[in-house]
Amino acid sequence: MNSSEMAPLDGVTVVEIDNWMAAPSAGAILADLGATVIKVEPLTGDPMRQKGRPPKFPEPPDNVDALKSYDWQFDVDNRGKQSILVALDKPEGQALVHKLVASADIFMCNLLRRRQEKFRLDPDSLFAVRKNLVHATLTGYGTDGREAQRPGYDVTAFFGRSGLYDAMRDGSDGVVPMARPAQGDHTAGLALVGAILAALRLAEKTGDGQAVETSLFETAIWTQASDYATTAVDEAPVTHRSRFQALGPQFNRYPCGDGKWVVFNMPGHDTFAPFAKALGREDWLDDPRFADNSIRYRNMEAMVQEVDETLAQRSRDEWGEIFDRHGVIWGPVLGLHEVPSDPQAEDIGMFPTINSPDVGDYRTVNIPMRFHNASVAPRGPSPKPGADTDGVLAGAGLDPNQIEALKSAGIVRANGDS
């Protein structure tokens, strides 16, 4: 097979027991990379199912009912997986998971350590089943320390506890912001994927199992490493700067004439002159209020007001053409709804199309990594709960009578079972 037709994780099997968004997002990345990912859900299904908002259509399409009932947010974190419903609180259910792990390369979960031990899914229990298994855990605060048993979501463990919410306040009196769904979850999911791939390489070389983990809390701290490089030394509070307290006008954000915003980041004090020329305001270069960086900082409120008044004269798109001609480092502050049609997002394939038998072709969100000589892409939609119970168990060596007996005993369920 040509290498461009191969996926990086062809032949790798993952068993995941997780829910909500963080750990499942890591499983979705592994599936896109070609792994076979078996998602073990409780008999009632992942609680994230049917929690996302339905789409809104100004002009409803013919299949609007199917589109509104489709599980979009669940889909993006669980696409390309297989689903099996198992009662983990019963020894027979735990034994089934062990049977699946016996032929797997990776086990991943978001269970607190006490729950791993309760269900016999902790590293020691599973290494006894599969010696060279990669055992991966994603939690709120880590599996060690006084907070190890504390549940956490990204708004609490990633944004709140890490100091990120506080650092994002606009000015000293700014209210605590609120993150959009799963930003911290998906960031931690990427960190878990990195740990898993490194551990997989080590397990292949040594033949020994590897237990790896990350958490929402520690991933968030890493995302702010530039701040913590100093803050860990002096423990000084972050300075909360409003727009009118920016370090320079060319490191700030402004509204344009159409109400759409732009943001600038032009490092170096010598970038003020090109910034002023791009805005057609060479007069600022002779204005004593803006003579140098320290004076501009003392007069920042007046400076920002001048920039606001200047940018109000044209739309964001008109200004964008001018900025590009002058080599200004800027970016549009896009609305979420604008990004799927952003030309650069389209050029790099961030919204590929896949097909579901329920809704037909639809666009999903690509993983933030591209391979130029391998097959990496979404492998299909997310599974219905228990859609693969029979097939997965048959693949593990159970015959139809054994599978029916497990169903009758309430150990497993398949999609459509009552």
Full-extension gain in nm, residue 59 to residue 408, via 0.36 nm per residue minus C-alpha separation: 121.0 nm
14 Å beta-carbon shell around residue 259, net charge (K/R +1, D/E -1): -1
Residue order, fewest to most surrounding Cβ atoms within 10 angstrom, among 361, 390: 361, 390
Cα centroid separation, region 1-56 to region 360-391 (Å): 8 Å
Charged-residue dipole, Cβ positions (Lys, Arg, Asp, Glu), the chain about Cα centre, Debye nearest 20: 1000 debye
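Determine, for 17, 84, the number of other Cβ atoms within 10 Å of each Cβ, and report the residues in order from fewest to most.
Fewest-to-most Cβ neighbours within 10 Å comes out as 17, 84.
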Where labels lie 7 Å past Cα in the beta-carbon direction, separation of residue 224 and residue 251 in nm: 1.8 nm
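How high is the relative contact order of the chain, given as a whole-number percent (alpha carbon pairs under 8 Å, six or more residues apart)?
After rounding, I find 21 percent.
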Fewest-first ranking of 25, 69, using other Cβ atoms within 10 Å as the exposure measure: 69, 25
Gain upon complete extension [residue 417, residue 179; 0.36 nm per residue less C-alpha separation]: 81.9 nm
Added length on full extension, which subtracts the Cα-Cα distance from 0.36 nm per residue, residue 89 to residue 399: 109.3 nm
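Read-outs: derived from the displayed coordinates by stated rules, not from any lab. Here the structure is a predicted model, which means the values were calculated and not measured. Backbone-built Cβ (ideal geometry, glycine too); neighbour counts: all protein chains shown.
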